[in-house]
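Notes follow the structure.
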Amino acid sequence: TTAIVWLRQDLRLADNPALYHACRTCDHIIPLFIDDPLPTSVSQLGAASRAWLHHSLQDLDTRLQAIGNRLTLQQGAALPILQKLIATTGATHVYWNRVYDPQSLARDKHLKEALKPSCAVHSFNASLLNEPWEVLKADSTPYKVFTPFWKAMLKHGIQHLPLPLPERIPALPLQPESLPLETLGLLPHIRWDTGMMAHWQVGEEAAMQKLHDFLPTHGGAYKEARNFPAQPGTARLSPHLHFGEISPRQAVYHTERHLAEQPGAENGLRHFMQEIGWREFAYYLLYHFPHTVERALDARFDHFPWADDYTDVLERWQRGQTGFPIIDAGMRELWQTGWMHNRVRMIVASLLTKNLLVPWQVGEQWFRDTLVDADLASNVLGWQWVAGCGADAAPYFRIFNPTLQGQTFDPDGEYIRRWIPELQTRDYPSPIMDLKASRERALAKFSQIKQ
Ligand code: FAD
């Protein structure tokens, strides 16, 4: 028997349930990736993520070739591609791991029905600790507040240990046609991605290595150090987790193992696992409240009086030219590396949505295009949390003061100097708006809709 293993946000060989079970059951395996033009599917992310995806696919293909198989690459709508591949190879099984954004879920449901007459379809969970429907409140409704959600999740437990590498991934004697990776056009025409990607090592092995480097060096101090953007205090695993080069289950499993040997790191590492819990919560909310892709979970924000014309201020924010050093450092870190420290993400998002009254969706869109870890669930959650319109959100009256935040979390100015070389010169712009006046304006608008 021959199986197609359709890889999506699970670009790894270990702890990959679809691949593992296909290899145990079938004689020949066709690992497939489809660059599917669904607006929110993994491959339709922004430019930075597409560059990452290119390298991740390359890495996966190299690993498969080393064991005599390879990645089949296709581009276009998934159904006709799968149907054609089934017809030309005689495959009788299709395996995939679930993705949870609303459009992909709807597509997969449709695909399952459409493929059923000719093929057995098997789907698994590879990117979450538990399925979003497994942890509910006593009244069977979903949680909207993180702490009780996470408590219930810990009580429920993680049901499965990470799976090992399949013993073998046997190829078809005559392998199907594949597009060359370059023809997918994932890399930009003007190669601005080279500098950005120099900050990263992509792929399954690099992701696992990063986790193992992080645990003994920064794990114990994580709870405090995670707030200081100049320090390497966090794991920087987010793009690897997004593309599934490592699974959250693997991350938690190895963290627990490390803790068993180094109990002193308990405080830091429990907090680290809780942050992986926030990722889980983001997927959970997106699954139960799919409309939050576009609209705030808090319906009172549907008619919020955002600013009418924000083109100029938006551009200054995007370019890191607001005149607030911590904001500009963050926006430049984002532009140059495709990543921004979480503390700074909160500060820049607060300035945009509160002091400048730009709709959160506009900021979310910019992040989506520029982050290598751009993730529909976590990005929407992050933006709605900061704007005060999501689940368990920051209260609307909490408006970060970028000057105070900079003093507290970058006390020596190391982070801002790293990203803004012209800080000491006349070239550095003056502040884009008055902090006090913009704060009062925001509070007045927010209090209107709270009534
Ligand atoms: P660590 O601190 O080492 O945490 C480990 C892992 O836990 C992360 O890799 C990530 O998968 C998860 N995690 C940590 N914090 C959060 C959080 N607040 N929400 C959800 N998951 C979390 N994260 C993304 O992965 N993609 C996004 O598009 C994204 N957009 C964001 C937008 C805003 C406005 C904000 C405030 C946060 C956003 N985050 C997003 C969450 C967070 O900033 C990043 O996950 C984190 O900075 C990644 O760095 P790290 O891997 O070093 O994290």
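What the table below lists for this structure:
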{"read-out": "Spans of strands (runs of 3 or more DSSP E) in the range 24-126 with at least 2 residues touching a Ser or Thr at 6+ places or on another chain (Cβ under 7 Å)", "value": "28-35, 72-75, 93-97"}
{"read-out": "Sole exception among (1) farther than 30 Å from residue 191 by Cβ; (2) modelled with pLDDT of 95 or more for residue 317, by number", "value": "(1)"}
{"read-out": "Verdict on residue 276 being surrounded by fewer than 22 Cβ atoms within 10 Å (Cβ to Cβ), within 23 Å of residue 341 (Cα to Cα), within 13 Å of the ligand (Cβ to nearest atom) and in contact (Cβ under 8 Å) with a residue 40 or more places away in the chain", "value": "yes"}
{"read-out": "Close pairs from the range 230-248: first free of Cβ contacts under 8 Å to residues at least 60 places away in the same chain, partner more than 6 Å from the ligand (Cβ to nearest atom) and assigned to a loop (DSSP other than H, G, I, E, B), Cβ under 7 Å, at least 6 apart", "value": "233/221; 237/246; 240/246"}
{"read-out": "Residues (touching a residue at least 40 places away in the same chain (Cβ under 8 Å), under 25 Å from residue 433 (Cβ atoms) and in contact with an Asp or Glu (Cβ under 7 Å, 6 or more places away or on another chain)) located in the range 297-340", "value": "320, 321, 322, 326"}
{"read-out": "Any chance residue 364 is more than 9 Å from the ligand (Cβ to nearest atom), free of Cβ contacts under 8 Å to residues at least 24 places away in the same chain and not in a loop (DSSP other than H, G, I, E, B)", "value": "no"}
{"read-out": "Of the criteria (1) surrounded by fewer than 22 Cβ atoms within 10 Å (Cβ to Cβ); (2) in contact with a strand residue (DSSP E or B) (Cβ under 9 Å, 6 or more places away or on another chain); (3) closer than 30 Å to residue 364 by Cβ; (4) not hydrophobic (A, V, I, L, M, F, W, C), which one residue 21 fails", "value": "(3)"}
{"read-out": "Qualifying residue in the range 390-402 (condition: more than 10 Å from the ligand (Cβ to nearest atom), crowded, with 22+ Cβ neighbours inside 10 Å and in a helix (DSSP H, G or I))", "value": "yes"}
{"read-out": "Matching residues, the range 7-49, being of a type in the set (D, E, K, R) and modelled with pLDDT of 95 or more", "value": "8, 10, 12, 15, 24, 27"}
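The values are calculated or read from the model by the stated rules, or taken from the named source; none is laboratory data. None of these values were measured; they are calculated from a predicted model. Here Cβ is always computed from backbone atoms with ideal geometry, including for glycine, and neighbour counts include all displayed protein chains.
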